[in-house]
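See below for the structure under consideration.
Read-outs: derived from the displayed coordinates by stated rules, not from any lab. Note that the structure is a prediction, hence the values are computed from the model and not measured. Every residue, glycine as well, gets a Cβ built from its backbone with ideal geometry; the counts of neighbours run over all protein chains shown.
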Amino acid sequence: MKTNIEEIATLIYNAPIGQYIGETGAKILAEHAAQKLDLKDNEILCEKGVSTNCFYIVTKGRLAITNETKDKPFPTILHILEKGDLIGELSFIDNSPHADTVRSLGDSGVISFNKTDITPLIKGHPELMFNFMQAVIKRVHSTLTAINRQQNELLTYIQTGGRGRL
């Protein structure tokens with residue numbers, strides 16, 4: 001079990017949030033609130049409309065955010081998640097159901113953080129948890145900034161008929 005904790009701590013520390021929480025913080029999270037999950041090809045991690053108490057960090061492989069409808073035989077891939085990306089952080093924070101389904105593209109792995117396990121750390125390690133949540137919010141902000149940039153580029157493309165400038 002100790003080797004597993006050390007492996008999880010290393011995975012957390014090497015993820016983008018590691019720079020905010022340091023090696024000690026990664027070890028505390030690995031000991032108390034994190035679990036390593038391996039996913040097989042096409043395995044569902046989060047299902048649209050379902051609320052979970054977890055969020056995840058991709059540690060290997062790729063996962064797809066998909067929009068699945070009953071009238072289409074195959075899901076539409078909206079975005080590909082790769083190592084270091086977060087999944088389900090907004091649902092984790094506000095208890096809302098997942099907006100889309102996330103499934104593995106090939107074998108992949110994630111670190112799972114359960115809210116039930118995180119909550120006691122707020123009192124026991126408040127500075128760590130502040131830094132941890134700050135890192136999560138910064139990753140969310142970075143993702144939203146990238147989405148806005150892509151949306152503006154697409155709008156410009158549409159408005160100019162593909163010429164690139166107004």
Query - Hits in region 1-20 (condition: surrounded by fewer than 17 Cβ atoms within 10 Å (Cβ to Cβ), touching a residue at least 24 places away in the same chain (Cβ under 8 Å) and not polar (S, T, N, Q)) - result: I5, E6, E7, P16
Requested in this report: Tell me, yes or no, whether region 26-36 has at least one residue that is in contact with a Lys or Arg (Cβ under 6 Å, 6 or more places away or on another chain), hydrophobic (A, V, I, L, M, F, W, C) and in a strand (DSSP E or B).
Outcome: no
Report summary line: Here the residues within region 72-88 that are closer than 24 Å to T10 by Cβ and part of a loop (DSSP other than H, G, I, E, B) are E82, K83, G84, D85, G88
Query raised in the report: For region 98-126, what are the residues that are surrounded by fewer than 19 Cβ atoms within 10 Å (Cβ to Cβ), in contact with a strand residue (DSSP E or B) (Cβ under 9 Å, 6 or more places away or on another chain) and of a type in the set (K, R)?
Result: K115
Query raised in the report: Within region 21-53, how many residues turn out to be basic (K, R), surrounded by 14 or more Cβ atoms within 10 Å (Cβ to Cβ) and within 21 Å of T101 (Cβ to Cβ)?
Result: 1
